[in-house]
Amino acid sequence: MKIIGILSIIPILFLCASGNAQTIKTPKWSISSGEPDDGDTGWNSPAIGPDGTVYFGAKNGKMWAVNPDGSVKWEKKFAKDLAGSSAVLTFGGDAFYIGEQAHPGRLFYVSTSDGSIIWEYQLPPPDHLEKTPEPKQKLGGGINSTPSISHDGKTIYFGTGNWVECNPCQEDIYDDRLFALDVSGKRPKLKWILKGSKVDKVQNEFRLSIWPSPSIAPDGTIYVSNFNGFLYHIKDLGDSFKILHRFNFFEIRSQKAVKELIPPEIWSSCAIENDGTVYISSNDGQMWAFNPDLSVKWNYKYEYDGEFYEAFASPILTPNGLVIMGNEKGYLNGHRMETGELVWRFPDTDDPTEEWWRTPSVNANGILIIGSERSGKYFGIDSEDGSLVWETPEIGLETGCFPAIADDGTIYVTGGFNGGLFALPGDSPLADTDWPKGLQNGYNNSRFDGNLKE
């Protein structure tokens, strides 16, 4: 594999729209994953191993392990499509799990030393679903959900299904299951499956997926949402599960959403605070904070000139006590965790130029790193006041990854539709907050290891 190039990291100043001089942050190096579309990295987000090796995959089914200096450790093709799920590393970093986005869907357990497959798990057909709403949809499979790992490392959880963006659409996969696999032995063993449309009435017949990654609380319970408008709080009982609480977003959508019949799809994973508060966004334009029992602590509606704008990214928590959320209107928002009060929004204009903000990460200096699908750029934004600190050149359209931040401050991002891995210079490690990035940490295991406050 060839390194595209070592690019200059000398800051270049430019005049931004607000008239303030800001810094262009140019990648130190980049790795190609193939031509656009084929090399599309989609939502695949880098994972960082204990030795600094970075792992990422692409739509072409290939996976890369890249050293911190940009040299390729290994490159392997073992799947049809790896643009949805991301690698999640085991405790010791000697292996990772990753899901296949394509039908019928497989989960892979892969050695980090050479990219060899240790085992693969073929998803069983969904016996509770008889047919798809559209004839060209495929029934069962498709893993866009990055697996999460239990505190003892013996169980992984992941959801199934794809986003239905057109009807009909040949690549759409119709599924709605949450899997729990026992991975303590040499081969994976199915513990249980939550079947969303069997547990709860179908609210949207075209969109069933459990797309988000499950988030694991310090007590081992699981929070996960689905495209059908439900948030579940689940306890793993071993060979079965118990739904402790659930919240139905469909019943309390905003009036605008109800009038226009906007489905309350939940793309967002949960961020969990050490007092047990759970944060999540819903696609009818709202940000939510729940108590552990899923009673509402507060919510905030993203309404501008009578219109609600989708908020489908996942929230993160900053060192200065804010929960951060972006929305389709083009605003990134900093809310007080305790009350939901809006402290700042970026940009502070009535007509934002960006759109489709993705999930940010925050470093120890409080700088948010986030990508915009519209411009294909990544931005550094000060979490104290929402001011722009730096931006990159265009890296790739539909930049969907959760940025990874290494111990030396280097920021790793993928290029979306244009593919590739990019290393951005930085001088501050990932922040030490309860949930500083999408998928929680550099291993991407979506698990909070802290202790809940009494």
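The values are calculated or read from the model by the stated rules, or taken from the named source; none is laboratory data. On a predicted model such as this, the values are computed, not experimentally measured, just so you know. No Cβ is skipped: glycine too gets one built from the backbone with ideal geometry, and neighbour counts run over all protein chains shown.
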query: Out of (1) modelled with pLDDT under 95; (2) among the small types (G, A, S); (3) touching a Pro at 6+ places or on another chain (Cβ under 9 Å), the odd one out for G93 is which?
result: (1)
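Residues that are of a type outside the set (A, V, I, L, M): which strands (runs of 3 or more DSSP E) entirely in the range 376-454 hold 2 or more of them? Outline the logic, then answer.
Numbers: elements: 378-382, 388-391, 411-414, 421-424.
Where strands (runs of 3 or more DSSP E) fall fully within the range 376-454 and carry at least 2 residues being of a type outside the set (A, V, I, L, M), they are 378-382, 388-391, 411-414.
Can you report the number of residues in the range 187-224 which are assigned to a loop (DSSP other than H, G, I, E, B) and in contact with a Gly (Cβ under 9 Å, 6 or more places away or on another chain)? Walk me through it before giving the result.
As a first pass, look at the range 187-224 and keep what is assigned to a loop (DSSP other than H, G, I, E, B): 187-188, 200-214, 217-221.
If we keep only those that are in contact with a Gly (Cβ under 9 Å, 6 or more places away or on another chain) too, we end up with 200, 202-204, 207-214, 217-219.
Of the residues in the range 187-224, 15 are assigned to a loop (DSSP other than H, G, I, E, B) and in contact with a Gly (Cβ under 9 Å, 6 or more places away or on another chain).
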- prompt: For the range 312-355, how many residues meet the condition of being touching a residue at least 40 places away in the same chain (Cβ under 8 Å) and at positive phi?
  reply: 2
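Residue by residue through the range 138-157, note down the ones that are of a type in the set (S, T, Y) and either part of a loop (DSSP other than H, G, I, E, B) or in contact with an Asp or Glu (Cβ under 7 Å, 6 or more places away or on another chain) (or both). Even if it seems obvious, please write down each step before you answer.
We begin by selecting, within the range 138-157, every residue of a type in the set (S, T, Y); these are 145-146, 148, 150, 155, 157.
Matches in the range 138-157: S145, T146, S150, T155.
Conditions tested, residue by residue: (1) under 20 Å from the mean Cα position of the chain (by Cα); (2) over 21 Å from W74 (Cα atoms); (3) not hydrophobic (A, V, I, L, M, F, W, C).
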position: T399; (1), (2), (3): yes, yes, yes
position: F402; (1), (2), (3): yes, yes, no
position: L421; (1), (2), (3): yes, no, no
position: G426; (1), (2), (3): no, yes, yes
position: A431; (1), (2), (3): yes, yes, no
position: P436; (1), (2), (3): yes, yes, yes
position: S446; (1), (2), (3): yes, yes, yes
position: D449; (1), (2), (3): yes, yes, yes
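Kindly evaluate L107 against the criterion of being modelled with pLDDT of 95 or more, closer than 30 Å to D200 by Cβ and touching a Gly at 6+ places or on another chain (Cβ under 7 Å). Explain how you work it out, then say what you get.
Details: modelled with pLDDT of 95 or more: yes; closer than 30 Å to D200 by Cβ: yes; touching a Gly at 6+ places or on another chain (Cβ under 7 Å): yes.
Taking the combined requirement at face value, the residue satisfies it.
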- request: Scan (1) modelled with pLDDT of 95 or more; (2) among the charged types (D, E, K, R); (3) more than 20 Å from A431 (Cβ to Cβ) for the single condition R336 breaks and write down its number.
  value: (3)
statement: Here the residues within the range 65-118 that are among the acidic types (D, E) and assigned to a strand (DSSP E or B) are E75
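How many residues are assigned to a strand (DSSP E or B) and closer than 16 Å to T414 by Cα if we restrict to the range 350-375? Walk me through how you get there before you give the answer.
Going residue by residue through the range 350-375, those that are assigned to a strand (DSSP E or B) are 357, 361-363, 367-372.
Okay, now just the ones that are also closer than 16 Å to T414 by Cα, so 357, 361, 369-372.
The number of residues fulfilling the criteria is 6.
If you go through the range 312-349 one residue at a time, how many are over 18 Å from the mean Cα position of the chain (by Cα), of a type in the set (G, A, S) and not in a loop (DSSP other than H, G, I, E, B)?
Looking only at the range 312-349, we keep the residues that are over 18 Å from the mean Cα position of the chain (by Cα), and these are 319-322, 329-331, 334-349.
With the extra rule that they be of a type in the set (G, A, S), the set shrinks to 321, 330, 334, 340.
Of the ones still in play, those that are also not in a loop (DSSP other than H, G, I, E, B) are 334.
Residues flagged as over 18 Å from the mean Cα position of the chain (by Cα), of a type in the set (G, A, S) and not in a loop (DSSP other than H, G, I, E, B) within the range 312-349 amount to 1.
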- request: Just name the residue that is surrounded by the most Cβ atoms within 10 Å (Cβ to Cβ) out of those in the range 191-233 that are touching a residue at least 60 places away in the same chain (Cβ under 8 Å) and basic (K, R).
  value: K195
- prompt: Is the range 168-177 home to any residue that is among the β-branched types (V, I, T), touching a Pro at 6+ places or on another chain (Cβ under 7 Å) and crowded, with 24+ Cβ neighbours inside 10 Å?
  reply: no
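Suppose we filter the range 118-138 for residues that are farther than 30 Å from N204 by Cβ and within 24 Å of the chain's Cα centre (by Cα); how many remain?
1
Yes/no per residue for (1) touching a residue at least 24 places away in the same chain (Cβ under 8 Å); (2) of a type outside the set (A, V, I, L, M):
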position: H103; (1), (2): yes, yes
position: V110; (1), (2): yes, no
position: G115; (1), (2): yes, yes
position: P125; (1), (2): no, yes
position: K131; (1), (2): no, yes
position: G141; (1), (2): yes, yes
position: G159; (1), (2): yes, yes
position: G185; (1), (2): no, yes
field: Among the candidates R374, R358, residue that is at pLDDT below 95, more than 26 Å from G93 (Cα to Cα) and in contact with a strand residue (DSSP E or B) (Cβ under 8 Å, 6 or more places away or on another chain)
entry: R358
message: For the range 317-369: of the residues being out of contact with any Phe, Trp or Tyr (no Cβ under 7 Å at 6 or more places or on another chain) and among the polar types (S, T, N, Q), which is farthest from A406 (Cα to Cα)?
response: T349
message: Looking for something modelled with pLDDT of 85 or more, more than 30 Å from L388 (Cα to Cα), part of a strand (DSSP E or B) and in contact with a Ser or Thr (Cβ under 6 Å, 6 or more places away or on another chain) - is there at least one such residue anywhere in the range 258-280?
response: no
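Could you tell me which residue of the range 302-311 is farthest from T221 (Cα to Cα), considering only residues that are touching a helix residue (DSSP H, G or I) at 6+ places or on another chain (Cβ under 9 Å) and assigned to a strand (DSSP E or B)? Give the steps one after another, and end with the answer.
Our first condition is that a residue be touching a helix residue (DSSP H, G or I) at 6+ places or on another chain (Cβ under 9 Å); within the range 302-311, this holds for 303, 306-308.
Now narrow it down to the ones that are assigned to a strand (DSSP E or B): 303, 307-308.
Working: E303: 33, E307: 36, F308: 32 Å.
Across the range 302-311, the extreme among qualifying residues is E307.
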